[in-house]
Amino acid sequence: FKLPPELKAGFNSTKSNPLISLKNIDIHYGEKYVFKNFSWNMKSNESWLFSGPNGAGKTSLLQIIHADHPQSYGQDIQLFGIQRGQGESIWDIKSHIGFVSVDFQRNFPTSMTGLAMVISGFHDSMGLYRKPSQQEIDLSQLWLSTLQLDHLKDQYLSKMSWGEIRMLMITRALVKKPDLLILDEPCQGLDQPQKKAVLELIDLCSSLFNLNLIYVTHHKDDVLKCISHQLQWTLKDDGTYKHNIISLKS
């Protein structure tokens, strides 16, 4: 497999290590605490699995990392070397992140072609609202060709399978060469062959580009080979959740 150098160059450009640092944070809704005095770090060259039942707190943690959680302010949270609450723009943080989720896919205009969807990743937009540059077109076509998705280039999303669109979403998230790729339930809604194709694509991209990755699932069977650490939520007798950190690779 020969990887074009223009695709590989530029990944993991941030000098911050750890990439993410949370120290003694509290997140609560009314009297119910999702996190209390919770600390967690993610370093460069790590791939994390977040696993546990729905309602355990996976989504809240993703919202903190993706700069979307309103309770982030006034807490000791550092993302890509940026301390929250210092006048930073959420877009400064989001520029470091490639994001894939089912909800995001549902909101995407199906009148777009596969190529247009990938190009939109350069601008973090839900559509193309200005004419793309020739460089953006060429690079997007190179991504599709390299990941063997070239056959989707001129198809409309409305004519594609759910799994084909999911693979395009992963490609779209990678074109800007993010410091962190977040995959929120990337196999949700897919049949078994589609799941297999999506998971194989993620593992391939992880190995090719040495991705920093957070993968969220509550299905034990959806396994990625590239995962180095696991943050696992388990239910305690009192109805709250315990967090376990597991190192999966020496």
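Please work out which residue is most open to solvent (accessible area, probe 1.4 Å), limiting yourself to segment 137-175 and to residues that are over 20 Å from Cys226 (Cβ atoms) and of a type in the set (Lys, Arg).
Here the residue is Lys159.
Can you run down the residue pairs with Cβ atoms below 7 Å, 6 or more apart or on separate chains, where the first is in segment 174-196 and more than 15 Å from Phe104 (Cβ to Cβ) and the partner is open to solvent by 20 Å² or more (accessible area, probe 1.4 Å) and in a loop (DSSP other than H, G, I, E, B)?
Lys177/Gly10; Lys177/Phe11; Asp179/Asn12; Asp179/Ser13; Asp179/Thr14; Asp179/His96; Leu180/His96; Gln194/Ser161
Out of the residues in segment 228-250 that are among the polar types (S, T, N, Q) and closer than 20 Å to Leu61 by Cα, state the one that is surrounded by the fewest Cβ atoms within 10 Å (Cβ to Cβ).
Restricting to residues being among the polar types (S, T, N, Q) and closer than 20 Å to Leu61 by Cα, the top hit is Ser247.
For segment 204-227, give me the residue count where each residue is surrounded by fewer than 17 Cβ atoms within 10 Å (Cβ to Cβ) and either in contact with a strand residue (DSSP E or B) (Cβ under 8 Å, 6 or more places away or on another chain) or without any contact (Cβ under 8 Å) to a residue 24 or more places away in the chain (or both).
Number of matching residues: 5.
Got a sec? Which of Gly81, Gly121, Gly114, Gly127 is closer than 23 Å to Ser158 by Cβ and at pLDDT below 90?
After ruling out the rest, the residue left standing is Gly127.
Do you know which of the residues in segment 124-136 that are touching a residue at least 12 places away in the same chain (Cβ under 8 Å) and open to solvent by 50 Å² or more (accessible area, probe 1.4 Å) is nearest to Lys176 (Cα to Cα)?
So, considering only residues that are touching a residue at least 12 places away in the same chain (Cβ under 8 Å) and open to solvent by 50 Å² or more (accessible area, probe 1.4 Å), the one nearest to Lys176 (Cα to Cα) is Asp124.
Does segment 34-74 hold any residues that are among the hydroxyl-bearing types (Ser, Thr, Tyr) and either surrounded by 15 or more Cβ atoms within 10 Å (Cβ to Cβ) or in contact with a Pro (Cβ under 7 Å, 6 or more places away or on another chain) (or both), and which are they?
Ser44, Ser47, Ser51, Thr59, Ser60, Ser72
Among (1) modelled with pLDDT under 95; (2) buried (at least 18 other Cβ atoms within 10 Å of the Cβ); (3) of a type in the set (Phe, Trp, Tyr), where does Trp91 come up short?
Answer for Trp91: the failing condition is (2).
The values are calculated or read from the model by the stated rules, or taken from the named source; none is laboratory data. Because the structure is predicted, anything quoted here is derived from the model rather than measured. Using ideal geometry, Cβ is built from the backbone for each residue, glycine included, and neighbour counts are taken over all protein chains shown. Just so you know, the surface numbers come from the protein's heavy atoms only, side chains and all, with ligands and any DNA or RNA stripped out. Shrake-Rupley method; radii C 1.70, N 1.55, O 1.52, S 1.80 Å.
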